[in-house]
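Asker: Starting off with a structure, shown below.
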Amino acid sequence: MEFVAERVTHVQLPEGYYVALINPESLIKNHVVKEVGALRHRVWAARGMDMSNSLVANSWVEKEDYHAYIWGVYFENKLIASARLSMHTSIETLPESSLYTQFFDQISYPIASFNRLVVCENHRGLQLSTFLVTERINMSLKLGASCIVFDCPGSRVSKMKAHGFSPLGQPQAGSKCSAINWVVMHKKLATKHTG
């Protein structure tokens, strides 16, 4: 089955690459989620991550995938990178919500949540992760988010600081990949005032 989705046309990627954005109401959402889940599993298993909490064999799919915006980067019509953005009106609905509850007084609503950025090893060094972060920041602004939150391994903190994110608290174990200490990152967004 060939993938069909709305291509993102305002970006310049190397020849052979293109980006597709799948919104939460897309009719092809189930196909995309399956494809993204397989990509995550393949890349993360190769890096030695514990995949025992996966809902589906040889896949990493979460319920949030079905209600989120998903970016897919394709090379020669093969998915090679992906990232997710979901919107939330409470901390309790965030993925890995237990990581965030202690910061409730520092998080404003609505919340944009960044999750599951993944890039195939042989396509790294092309700034694809930077592109996916920038795209999700822009979409968060467009959707009216008051802030952006996500959790990442300590190795990603300095790169995310370059995008204006700040760490909240100390690294802590998550419920899905408890072998990794996750750092909660936060970015306030400018809100529009009416009146």
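Asker: Mind telling me which of the residues THR101, THR93, THR89 ends up being under 24 Å from GLN172 (Cα atoms), in contact with a strand residue (DSSP E or B) (Cβ under 8 Å, 6 or more places away or on another chain) and not small (Gly, Ala, Ser)?
Answerer: Exactly one of THR101, THR93, THR89 is under 24 Å from GLN172 (Cα atoms), in contact with a strand residue (DSSP E or B) (Cβ under 8 Å, 6 or more places away or on another chain) and not small (Gly, Ala, Ser), namely THR89.
Conditions tested, residue by residue: (1) over 18 Å from GLU96 (Cα atoms); (2) free of Cβ contacts under 8 Å to residues at least 24 places away in the same chain.
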{"position": "GLY16", "(1), (2)": "yes, no"}
{"position": "GLU25", "(1), (2)": "yes, yes"}
{"position": "GLY37", "(1), (2)": "no, no"}
{"position": "GLY48", "(1), (2)": "yes, yes"}
{"position": "VAL56", "(1), (2)": "yes, yes"}
{"position": "LYS63", "(1), (2)": "no, yes"}
{"position": "VAL73", "(1), (2)": "yes, no"}
{"position": "ASN77", "(1), (2)": "yes, no"}
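Residue-wise test of (1) surrounded by fewer than 20 Cβ atoms within 10 Å (Cβ to Cβ); (2) at pLDDT 95 or above; (3) among the β-branched types (Val, Ile, Thr).
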residue: MET87; (1), (2), (3): yes, yes, no
residue: LEU94; (1), (2), (3): no, no, no
residue: LEU99; (1), (2), (3): no, no, no
residue: SER113; (1), (2), (3): no, yes, no
residue: GLN127; (1), (2), (3): yes, no, no
residue: THR130; (1), (2), (3): yes, no, yes
residue: LEU141; (1), (2), (3): yes, yes, no
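Asker: Inspect region 64-81 for any residue being part of a loop (DSSP other than H, G, I, E, B), among the acidic types (Asp, Glu), within 28 Å of SER166 (Cβ to Cβ) and in contact with a Lys or Arg (Cβ under 8 Å, 6 or more places away or on another chain) and give the result as yes or no.
Answerer: Within region 64-81, none of the residues are part of a loop (DSSP other than H, G, I, E, B), among the acidic types (Asp, Glu), within 28 Å of SER166 (Cβ to Cβ) and in contact with a Lys or Arg (Cβ under 8 Å, 6 or more places away or on another chain).
Asker: From the set of residues in region 151-171 that are outside any helix (DSSP H, G or I) and among the polar types (S, T, N, Q), which is farthest from the chain's Cα centre (by Cα)?
Answerer: GLN170
Asker: Then there's this: Does at least one position in region 92-115 carry a residue that is of a type in the set (Val, Ile, Thr) and over 24 Å from LEU141 (Cα atoms)?
Answerer: No: zero hits.
Asker: How many residues are outside any helix (DSSP H, G or I) and of a type outside the set (A, V, I, L, M) if we restrict to region 113-134?
Answerer: The total comes to 8.
Asker: Could you figure out which of (1) under 26 Å from PRO167 (Cβ atoms); (2) within 15 Å of the chain's Cα centre (by Cα) isn't true of THR89?
Answerer: So THR89 meets the others, but not (2).
Asker: Another question, then. Are any of the residues in region 43-63 in a helix (DSSP H, G or I), modelled with pLDDT under 95, acidic (Asp, Glu) and surrounded by 17 or more Cβ atoms within 10 Å (Cβ to Cβ)?
Answerer: The answer is no; no qualifying residue exists.
Asker: When you go through ILE137, ILE148 one by one, which is the residue that is part of a helix (DSSP H, G or I), surrounded by 17 or more Cβ atoms within 10 Å (Cβ to Cβ), in contact (Cβ under 8 Å) with a residue 40 or more places away in the chain and under 17 Å from the mean Cα position of the chain (by Cα)?
Answerer: ILE137
Asker: Is at least one residue of region 16-39 closer than 26 Å to PRO171 by Cα and either touching a strand residue (DSSP E or B) at 6+ places or on another chain (Cβ under 8 Å) or not in a helix (DSSP H, G or I) (or both)?
Answerer: Scanning region 16-39 turns up no residue that is closer than 26 Å to PRO171 by Cα and either touching a strand residue (DSSP E or B) at 6+ places or on another chain (Cβ under 8 Å) or not in a helix (DSSP H, G or I) (or both).
Asker: When the residues of region 92-106 are filtered to those that are among the hydrophobic types (A, V, I, L, M, F, W, C) and under 18 Å from the mean Cα position of the chain (by Cα), which remaining residue is farthest from ASN181 (Cα to Cα)?
Answerer: Only one residue fits best here, namely LEU94.
The values are calculated or read from the model by the stated rules, or taken from the named source; none is laboratory data. Nothing here was measured: the structure is a model prediction, and the numbers come from that model. Every residue, glycine as well, gets a Cβ built from its backbone with ideal geometry; the counts of neighbours run over all protein chains shown.
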